1. In the list 90, 98, which residue meets the criterion of being surrounded by 20 or more Cβ atoms within 10 Å (Cβ to Cβ), small (Gly, Ala, Ser), over 30 Å from residue 276 (Cβ atoms) and touching a Phe, Trp or Tyr at 6+ places or on another chain (Cβ under 6 Å)?
2. From the list 241, 230, pick out the single residue that is more than 30 Å from residue 54 (Cβ to Cβ) and modelled with pLDDT of 85 or more.
3. For segment 218-274, how many residues meet the condition of being farther than 30 Å from residue 103 by Cα, in contact (Cβ under 8 Å) with a residue 40 or more places away in the chain and of a type in the set (Gly, Ala, Ser)?
4. Starting from residues that are more than 24 Å from the chain's Cα centre (by Cα) and of a type in the set (Ser, Thr, Tyr), keep the ones in segment 32-54 and report whichever is farthest from residue 294 (Cα to Cα).
5. Any residue at all in segment 136-143 that's among the hydrophobic types (A, V, I, L, M, F, W, C) and either surrounded by fewer than 16 Cβ atoms within 10 Å (Cβ to Cβ) or not in a helix (DSSP H, G or I) (or both)?
6. Looking only at segment 186-197, filter to residues that are in contact (Cβ under 8 Å) with a residue 60 or more places away in the chain and surrounded by fewer than 19 Cβ atoms within 10 Å (Cβ to Cβ); which one of those is nearest to residue 125 (Cα to Cα)?
7. In this structure, does residue 51 turn out to be under 30 Å from residue 279 (Cβ atoms), in contact with a Gly (Cβ under 6 Å, 6 or more places away or on another chain) and surrounded by 10 or more Cβ atoms within 10 Å (Cβ to Cβ)?
Amino acid sequence: MTATTAQPPKRTAATRRAGDIWFSGTAVAAGSMIMITLAAVAIFLIVQSLPAFTASPETASLLKGGNFWSYVWPLLFGTVWAALLALVIAVPLSIGVALFITHYAPRRLAQTLGYVVDLLAAVPSVVFGLWGILVLAPAVQPVYSWLTENAGWFPLFAGEASKTGRTIFTAAMVLAVMILPIITAICREIFLQTPRLHEEAALALGATRWEMVRMAVLPFGRSGIVSASMLGLGRALGETMAVAMVLSVSGAVTFQLFTSTNPSTIAANIALTFPEAYKVNINILIATGLILFIVTFAVNALARWVVNRRKEFSGAN
């Protein structure tokens, strides 16, 4: 008996329809535009910033007897200091609100509170600035005076309290309110993705609700909390109008929170100074924007690195 071998059928190449080709090309073009735009912004900032690094006080009135680095250092310090203060205030509040919405509040209240938090992100920064000047600053000024009088031995509370309340700490509180909806929304979605079996197992073993949150929810959402915090930090670093309206600027580098001697931020300084700038002064302001661009890029890269370190963790394992 002879065995006959049948020839395998030839595979026919799948024909790509016009819709698939159009969608694929559009997606590639959209993704490429992000990289092209980012590269174009970076090239523009670098090219326009080159004259600022060699500028002198004779050619640039903004330098006021120093060089570019002595000009940008107080601005960079104020930017990072205000953003970190805002992050310290906003992150615990955001985690608490997110946990209340996802694990403690009744369903109807949780839905309503979630809508309110989301709508808070749509409020313009100018409105936050007006609220900071007219409401927050006068309200906290007596507190600042009491702290400087009774706890002035602590370095952050030292100095004479501002008479207007428009200090770096007030600006940080306004920034904290502005970034709170961003951090809360992300943390809320992360906490909702916690495996239900982990929560039920912790409760079945006799854990209280807080112990269940501490052992199951928070470890699962740690990388998401870091990502949300870094996104909020990026928003705080680049905020312009609210800080420009609230902060009473003196240009000093100080850690004191309640005095009228406050550093400015890069974004607020550009917004306030650019309309009257000319010649090399414009290049100096663009160079400060390049510094802010680098800092923001570094913050997002750090957040991506932290998230990638924990991407192997899965709550389903």
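1. 98
2. Details: 241 fails: modelled with pLDDT of 85 or more.
Criteria check complete, one pass: 230.
3. The number of residues fulfilling the criteria is 9.
4. Initially, segment 32-54 is screened for residues more than 24 Å from the chain's Cα centre (by Cα), giving 32, 47-54.
From the residues that got through so far, the ones that are of a type in the set (Ser, Thr, Tyr) too are 32, 49, 54.
Numbers: 32: 21, 49: 13, 54: 20 Å.
Once the filter is applied, the top-ranked residue is 32.
5. Within segment 136-143, the subset among the hydrophobic types (A, V, I, L, M, F, W, C) is 136-137, 139-140, 143.
Going one step further and asking which of them are either surrounded by fewer than 16 Cβ atoms within 10 Å (Cβ to Cβ) or not in a helix (DSSP H, G or I) (or both), we end up with 139, 143.
Looking for residues that are among the hydrophobic types (A, V, I, L, M, F, W, C) and either surrounded by fewer than 16 Cβ atoms within 10 Å (Cβ to Cβ) or not in a helix (DSSP H, G or I) (or both), one finds at least one in segment 136-143, hence yes.
6. Out of the qualifying residues, it is 192.
7. Working: under 30 Å from residue 279 (Cβ atoms): yes; in contact with a Gly (Cβ under 6 Å, 6 or more places away or on another chain): no; surrounded by 10 or more Cβ atoms within 10 Å (Cβ to Cβ): yes.
No: the conditions fail for residue 51.
The rows are residues; the columns are (1) of a type outside the set (Lys, Arg); (2) part of a helix (DSSP H, G or I); (3) touching a Pro at 6+ places or on another chain (Cβ under 8 Å); (4) without any contact (Cβ under 8 Å) to a residue 60 or more places away in the chain.
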| site | (1), (2), (3), (4) |
| --- | --- |
| 43 | yes, yes, no, yes |
| 46 | yes, yes, no, no |
| 51 | yes, yes, no, no |
| 57 | yes, no, no, yes |
| 63 | yes, no, yes, no |
| 72 | yes, yes, no, no |
| 81 | yes, yes, yes, no |
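The values are calculated or read from the model by the stated rules, or taken from the named source; none is laboratory data. Treat the numbers as computed from the prediction; the structure is a model and nothing was measured. Every residue, glycine as well, gets a Cβ built from its backbone with ideal geometry; the counts of neighbours run over all protein chains shown.
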